[in-house]
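**Q** Dropping a structure here in structure tokens format, bear with me for questions.
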Amino acid sequence: MAQSRKELAYEVGGMGYSLVMLDLAEVGFQKGGETYRFEGEAFTGGNINRFGVKFEGEGAFGGRLDDLELQALYSRAIAPYWNLQAGVRHDIKPDPSRTYLVAGVEGIAPYWFKVNAATFLSNKGEVRARVEASYDQRITQKLILQPRIEANFSFQDISAIGIGAGLSDFEAGLRLRYEIKQEFAPYIGVEWRKQTGATARFSRIAGEDPDTISLVAGIRIWF
């Protein structure tokens, strides 16, 4: 019976599966030049336990890569639609690089808001946090409007990488995508990004604008 129960669980939802998703792959147009940005994840596992990686980066065309972040995570389902995550994050950029322990949750909140919240403890003893939320508003079967917000926090000034204590930066975006296929969807949109407090001061010293509005165009791919 044990083998039969195992096979039954597999057939009705206990099977393993994998996914690779490039959630953002876009070009941004704003005063002062054009930028690029990518963000995605890949995972493998079942309904309860998963292993995966997350990655994101951005930079300016004709310039250096400003940010490149990688996370390796173990994910454990703790409730319907909610996963507890733990792992390691490594920031290759900006210099000097940092490595963090990661603990967080992600899932689907009521009314189908996708939420991701995580805290990060660096190898230098610094503590940071991030909260992200998005919502897919389906206008037609293929046309989807997605509002998206992200906020980053730091529990202390980290002058070596230009981060100030408190709310360091936030962004709010609105993207309209068209699903040519469910796995392939080009989009256009607008995004507002603002740095605050000491983080904004560090950016001004470096000759950067801490408050930008960008028109964006890109694609969303998964397989």
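**Q** Direction-averaged shadow area of the convex hull around the Cα atoms of segment 71-188, nm²?
**A** Mean projected area of the Cα convex hull: 8.8 nm².
**Q** Now, a different point. Can you put T212, T199, T44 in order of Cβ neighbours within 10 angstrom, beginning with the fewest?
**A** By the 10 Å Cβ count, ascending: T44, T212, T199.
**Q** Let me check I've understood the local charge: for L65, count other residues with C-beta under 12 angstrom from its C-beta, Lys and Arg +1, Asp and Glu -1. What total comes out?
**A** Overall, the nearby charge balance is -4.
**Q** Something else: Starting from the 7 Å offset along Cα-to-Cβ, what nm value, one decimal, do you get for the label separation of S122 and W82?
**A** Distance between label points: 3.0 nm.
**Q** Return the lysines within reach of K31: Cα separation strictly under 21 angstrom, same-chain partners fewer than 8 residues apart disregarded; answer none if there are no such residues.
**A** Counting by Cα, and skipping residues close in sequence, K31 has these lysines nearby: K194.
**Q** With every atom except the alpha carbons ignored, what do you get for Rg and Dmax of segment 1-82, in angstroms?
**A** Reported Rg and Dmax, both Å: 19.1, 67.
**Q** Relative contact order for the chain: what percent, with Cα pairs under 8 Å and sequence separation of 6 or more?
**A** 14
**Q** Same structure again: Could you work out the percent of alpha carbon pairs in segment 44-118 separated by over 14 Å, rounded to a whole number?
**A** Considering segment 44-118, 66 percent of its Cα-Cα pairs are separated by more than 14 Å.
**Q** Just in segment 45-86: which trypsin sites (Lys or Arg not before Pro) are loop by DSSP and have at most 14 other Cβ atoms within 10 Å?
**A** Taking segment 45-86 and a limit of 14 other Cβ atoms within 10 Å, the loop trypsin sites (Lys or Arg not before Pro) found are R64.
**Q** Beyond 22 Å, what share of the Cα-Cα pairs of the chain remains, rounded to the nearest whole percent?
**A** Cα-Cα pairs in the chain separated by more than 22 Å: 57 percent.
**Q** Moving on to the next point. For segment 13-76, run through the chymotrypsin sites (Phe, Trp or Tyr not before Pro) and keep only the ones in DSSP coil with at most 13 other Cβ atoms within 10 Å of their Cβ.
**A** For chymotrypsin sites (Phe, Trp or Tyr not before Pro) across segment 13-76 that sit outside H, G, I, E and B with at most 13 neighbouring Cβ atoms in 10 Å, the list reads F61.
**Q** Let me check I've understood the local charge: for K181, count other residues with C-beta under 15 angstrom from its C-beta, Lys and Arg +1, Asp and Glu -1. What total comes out?
**A** After counting each charged neighbour, the total is +1.
**Q** Taking a spot 7 Å from the Cα of F223 along the direction of its beta carbon, which residues of segment 176-204 have an amide N less than 12 Å from it?
**A** Taking a point 7 Å out along Cα→Cβ of F223, the residues of segment 176-204 whose backbone N falls under 12 Å are 183-184.
**Q** Evaluate E = 1/(1 + (r/R0)^6) for L215 and S4, where r is the Cβ-Cβ distance and R0 equals 41 Å; express this FRET efficiency to the nearest 0.05.
**A** E between L215 and S4, to the nearest 0.05, is 0.10.
**Q** Let me ask something else. For I139, what charge total do you get from the other residues with a beta carbon under 12 Å from its beta carbon, if Lys and Arg give +1 and Asp and Glu give -1?
**A** Net local charge, I139 excluded: +1.
Each value in this text was obtained by applying a stated rule to the coordinates, not by laboratory testing. Computed from a predicted model, the values in this text were never measured in an experiment. Cβ coordinates were reconstructed from backbone atoms using ideal geometry, including for glycine residues, and neighbour counts include every protein chain displayed.
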